[in-house]
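J.: Encoded as structure tokens, here's the structure I'll be asking about.
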Amino acid sequence: MGINKVKKSYEEAVDDIFDGATIMIGGFGGSGGLPGGLIWALRNKGAKNLTIIGNFMGAPEPIRKQRIPPHGYVDCGILFENKQVKKAIGAFPVTTAISFPVSPFEEQYVAGEVELEIMPQGTLAERIRAGGAGIGGFYTPTGVGTDFEKGKGKKIIDGKEYILELALKADFALIRAYKADPWGNLIYRETSRTFNPVMATAAKTTIVEVEEIVQVGELNPEAVVTPGIYVDRVVLTPEDLPPGIIWRYEEAK
């Protein structure tokens, strides 16, 4: 018999996240696939000196408020606003649009208040995948001859130069899926998969928020992307969350 992994609230789901934790946060850069409710709960918990691993480190507040009318959305920018992060590891930490305001992360990075480890997006995904697969690292040609190779091991393979990239792992992964069963089996919807499935495999504790929880056996096994063995906690998005905390698929239709 499987274990019922459903938690009563976001607060219960993130209750043991500690100061200094390394946390993977799913999603790509916008609201789809972003675990907004879990990010909100982490902000309210107030854990400090966090290392955040994710593709994007949050949009400026005016941009967040403009997207997905009329309420906007929440992303990990609120963790930087609350001065909870000491280091960011990602591929696309700030927007390149000149017309956009400066984000909380960018302000703190320029001021020397937060560290940044940046890398190509494919390298980020593969480093996380390696962490989940128990692989120490891998050799890649991406970044050879650029600043990305500084301080990294190098090797010639079949006459081609490669650099060594080490695996990424985390204490916690905060991710989002479309549906789950009580055992933690997950399915995603369209492009909202993003980094969520691979992050689920690379953390000691994986916490997922979903829009619907169905009975065990109702999910098509062929559609399950993340098996429950990788998931520790599931929380259902409540209907009475403040506007903007979570983006729902139905609202986007």
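J.: Nearest 500 deg cm²/dmol is fine: what mean residue ellipticity at 222 nm does the chain get from its DSSP H runs of n ≥ 4 alone, each adding -39,500 (n - 2.57), divided by its residue count? Kindly include the intermediate steps, with their values, before the conclusion.
T.: Numbers: 8 runs with 54 residues, N = 253.
One gets -5000 deg cm²/dmol as the mean residue ellipticity at 222 nm.
J.: What per residue convex hull volume, in Å³, comes out for the stretch 158-229 when only alpha-carbon positions are used?
T.: Values: hull volume 9.3 nm³, N = 72.
Residue-normalised Cα hull volume stands at 129 Å³.
J.: What longest range of the chain stays clear of loop-exposed GluC sites (Glu not before Pro) (DSSP non-H/G/I/E/B, at most 11 other C-beta within 10 angstrom)? Each step should come with its number before you reach the end.
T.: Numbers: sites that count: GLU218, GLU222, GLU239.
The segment 1-217 is the longest one with no such site.
J.: Tally the DSSP beta bridges in the stretch 6-242 and give the antiparallel ones as a percent, rounded to 5. Walk me through the numbers on the way to the answer.
T.: On the way: 11 of 39 bridges.
Given both bridge residues lie in the stretch 6-242, the antiparallel proportion sits at roughly 30 percent.
J.: What do you get for chymotrypsin sites (Phe, Trp or Tyr not before Pro) in the stretch 1-65 restricted to DSSP loop and a cutoff of at most 16 other Cβ within 10 Å of the site's Cβ?
T.: Details: sites: TYR10, PHE18, PHE28, TRP40, PHE56; in loops: PHE18, PHE28, PHE56.
Answer in residue order: PHE18.
J.: Give the label of the value calculated from the structure for Rg and Dmax of the Cα atoms in Å, choosing from (1) 17.0, 52; (2) 18.2, 59; (3) 19.7, 65.
T.: (2)
J.: Neighbour counts of other C-beta atoms within 10 Å: give me SER192, SER9, SER31 arranged from fewest to most.
T.: Going from sparsest to densest Cβ surroundings: SER9, SER192, SER31.
J.: In addition: Could you tell me the center-to-center distance, by alpha carbons, between the stretch 102-165 and the stretch 189-225 in angstrom?
T.: The stretch 102-165 and the stretch 189-225 have Cα centres spaced 26 Å from each other.
J.: Counting other C-beta atoms within 10 Å, which of MET199, MET24 has the fewest, and how do the rest follow? Don't jump to the answer; show the numbers that get you there.
T.: On the way: MET199 32, MET24 27.
In increasing order of surrounding Cβ atoms, one gets MET24, MET199.
J.: List the residues, sorted by chain then number, that are 5 or more residues from VAL214 or on another chain and whose placed amide H is less than 5 Å from its amide H.
T.: Hits under the 5 Å cutoff: ALA180, ASP181.
J.: A further question follows. Suppose the chain between ILE157 and GLU212 were pulled fully straight at 0.36 nm per residue; how much longer would it get relative to their current alpha carbon spacing?
T.: Numbers: separation 55, 0.36 × 55 = 19.80 nm, distance 4.75 nm.
Here the answer is 15.0 nm.
J.: Further question on the same structure: Excluding residues fewer than 8 places away in the same chain, name every one of the lysines whose C-alpha is closer than 23 Å to that of LYS169.
T.: LYS5, LYS45, LYS48, LYS83, LYS86, LYS87, LYS150, LYS152, LYS154, LYS204
J.: I would also like to ask the following. Normalised by the residues of the chain, what does the relative contact order come to in percent, with Cα pairs under 8 Å and at least six apart? Write out the running numbers ahead of the final one.
T.: On the way: 572 pairs, mean separation 60.5, N = 253.
Contact order relative to length: 24 percent.
Each reported figure results from applying straightforward, stated rules to the coordinates on display, with no laboratory input. Fair warning: this is a prediction, and the values are worked out from it, not measured in the lab. Because the Cβ atoms are built from the backbone with ideal geometry, glycine has one as well, and the counts that use them run over all protein chains shown.
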